[in-house]
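Please read the structure below before turning to the comments.
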Amino acid sequence: MRLDLPRLRERLGAVLFYGLQSVYELDSGMAADEPISERWEATQRIPYELLHDNLQKMAIVVPVREEKLKLLDGVFAGIPNACQIILVSNSSRSPIDRFELERDASNSFGVYTNRPVISVHQRDPQLAKAFAEAGYTEILDDEGLVRSGKAEGMLIGTMLARLSGRETIGFIDSDNYFPGAVLEYCHLFASGFAMARAKHYAMVRISWASKPKIVENNLYFAKWGRSSIITNRFMNQLVSSYTGFETEVIRTGNAGEHAMTLDLAMNMGHSSGYSIEPYQLVYLMEQFGGVEAPEAPDSTDVIRNTVNVYQVESRNPHLHEYKGEEHVERMIEASLSVIYHSPLCPDSLKEDIRRELSERRIRAADEELPQLRKYQPLAKADQQAFRAALEGHPAETALEFAL
Ligand code: GDP
Ligand code: CO
C-alpha cells in the first residue's frame with residue numbers, strides 16, 4: 001500500500017485529526033523492493049511485511065442484521081487470512097432462524113479456510129448474563145437482553161476482540177457488494193496503524209472515493225453520501241468553533257468502516273444506534289480535547305500519548321444495500337443530535353442544526369432533538385467476569401482457538 005502524506009492536521013488537546021489521505025498503490029511490494037533512489041517523502045510506502053504484521057494484530061467485527069447471505073459470504077471472503085473475524089448478528093430467529101443460517105455460513109467458511117470464526121447473537125441470554133456479571137448492565141433492556149442496534153452490536157464485538165488477544169479492531173458492514181473493497185478497507189486499517197505514531201491510541205476512518213448509483217439509466221459515481229455531506233459540514237463547524245479557525249479536516253463523520261487500537265476502543269464512550277460513528281469524534285474532542293475532565297479509566301495515559309485519527313480515501317467504489325429514504329433521514333438526525341447535545345456545541349450551531357433539520361422536514365424548528373442513549377467506556381466492565389460467564393458458549397470455544 002502506498003498513501004500520500006496527510007496535508008492537513010488539526011490538533012485539539014491530545015487529539016490529532018489528520019486530513020484525508022489518498023491511495024497511490026494498492027500494492028507497493030515487499031520491503032526489499034524499495035530502491036534507495038525512491039526514498040523520497042511525498043508518499044509513504046507500507047510494504048507487505050509491515051501490512052501483514054498489522055493484519056495479524058487485528059480483529060474484524062462484522063455487524064449483521066437481516067442481510068443477504070450472499071453479501072455476508074462475500075464480506076468474509078474479503079477479510080485477510082491473518083485477521084480474526086467476529087460476527088455479531090441481530091437477525092431474526094423466527095419464523096426462520098436467520099442467525100442459524102449466518103452461523104452455518106461462518107462456520108463453513110471457518111472450516112474451509114482453517115480460521116476460527118467467532119459468532120454470537122446479540123440477543124443471546126448468556127451474552128446478556130456475561131455483561132451483567134461484568135457490571136455493564138447499561139447495555140441491557142427491560143427483558144434483560146442486550147439492546148438492539150448497530151452500536152450495541154459493536155460493543156459486543158469490542159469485548160470479544162479484547163478477549164481474543166488482538167491489539168486492534170476494525171468494523172466492516174455486512175451489506176457490502178464488493179469483496180475487493182472489503183479487502184482494501186482491511187489493508188487501509190493496517191496501513192493506518194503502521195503509520196501511527198501514537199501506537200496505543202489510534203483510529204483509522206475510511207471515506208469512499210465514490211458510491212455508484214443509477215441515474216437516468218446510467219451509472220453515476222457520487223462522491224459523497226447525503227448523510228455524510230451534512231454530518232461532515234456540522235462536525236467541521238464544531239471543530240472550528242473550538243479552534244477559532246474554519247476547517248474542512250473532518251471527512252469521515254459517518255464512517256461505518258473504521259478501526260481503532262483496542263486500547264482506544266476500550267476507553268471510548270459510545271452513543272447508541274447509528275450515531276456511534278459521529279459520536280466517536282465528538283467524544284474524542286470532549287474527553288481528550290482539554291475542555292472537560294475526562295471520564296475514561298485510562299484517560300491520563302491517553303492524554304499523555306495523543307490520539308491519532310487518520311482518514312483514508314479508498315480506491316474501490318462503495319456499494320451497499322439501499323435501505324430507503326427514511327434510513328438516510330434517521331441517520332442525519334442521529335448524527336446531528338450528538339453534535340447538538342455536546343457541551344462543546346455553541347448556541348449558534350445548535351440553531352443551524354435545528355434549521356437544517358426543519359428545512360429537510362425531519363423535525364420542526366422549535367422541537368428539541370432527542371438525547372440518544374450513551375454508554376460508558378467498556379474498560380469499566382470486568383473482563384474476567386465477562387469471560388467466565390461465557391463458559392461453555394460456542395463463542396468461548398472459538399476464543400480459545402483464537403488465542
Ligand atoms: P448504513 O450502511 O450505515 O447506511 O447502515 P446499514 O443499515 O447498512 O447498517 C450497517 C451495518 O450494521 C450492516 O451490516 C447491518 O446489517 C448492521 N446492523 C444494523 N442494525 C444492527 C443491529 O441491531 N445489530 C447488529 N449486530 N448489526 C446491525
Ligand atoms: Co449499509
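The values are calculated or read from the model by the stated rules, or taken from the named source; none is laboratory data. Here the structure is a predicted model, which means the values were calculated and not measured. Please note: Cβ atoms are built from the backbone with ideal geometry, for glycine as well, and neighbour counts cover all protein chains shown.
So for the stretch 344-363 (the condition being of a type in the set (D, E, K, R), assigned to a loop (DSSP other than H, G, I, E, B), more than 16 Å from ligand 1 (Cβ to nearest atom) and at pLDDT 95 or above), does at least one residue qualify? No, the stretch 344-363 has no match at all. Note on the stretch 226-275: residues that are at pLDDT 95 or above, over 12 Å from Ser207 (Cα atoms), within 18 Å of the chain's Cα centre (by Cα) and not in a loop (DSSP other than H, G, I, E, B) total 11. May I ask you to verify whether Gly170 is within 16 Å of ligand 1 (Cβ to nearest atom) and either part of a loop (DSSP other than H, G, I, E, B) or touching a Phe, Trp or Tyr at 6+ places or on another chain (Cβ under 6 Å) (or both)? So Gly170 passes the test. Among the criteria (1) more than 16 Å from ligand 2 (Cβ to nearest atom); (2) under 23 Å from the mean Cα position of the chain (by Cα), the one Gly153 does not fulfil is (1). Restricting the stretch 173-182 to residues that are hydrophobic (A, V, I, L, M, F, W, C) and away from ligand 1 (no atom under 12 Å from the Cβ), the residue that is farthest from the chain's Cα centre (by Cα) is Phe178.
What number of residues within the stretch 2-18 satisfy the criterion of being closer than 22 Å to Pro47 by Cα and not basic (Lys, Arg)? Residues flagged as closer than 22 Å to Pro47 by Cα and not basic (Lys, Arg) within the stretch 2-18 amount to 5.
Kindly indicate whether any position in the stretch 135-148 is β-branched (Val, Ile, Thr) and either surrounded by fewer than 23 Cβ atoms within 10 Å (Cβ to Cβ) or more than 23 Å from Leu399 (Cα to Cα) (or both). The answer is yes; a qualifying residue exists. Quick one: is Val328 in a helix (DSSP H, G or I) and in contact with a strand residue (DSSP E or B) (Cβ under 6 Å, 6 or more places away or on another chain)? It is false that Val328 is in a helix (DSSP H, G or I) and in contact with a strand residue (DSSP E or B) (Cβ under 6 Å, 6 or more places away or on another chain).
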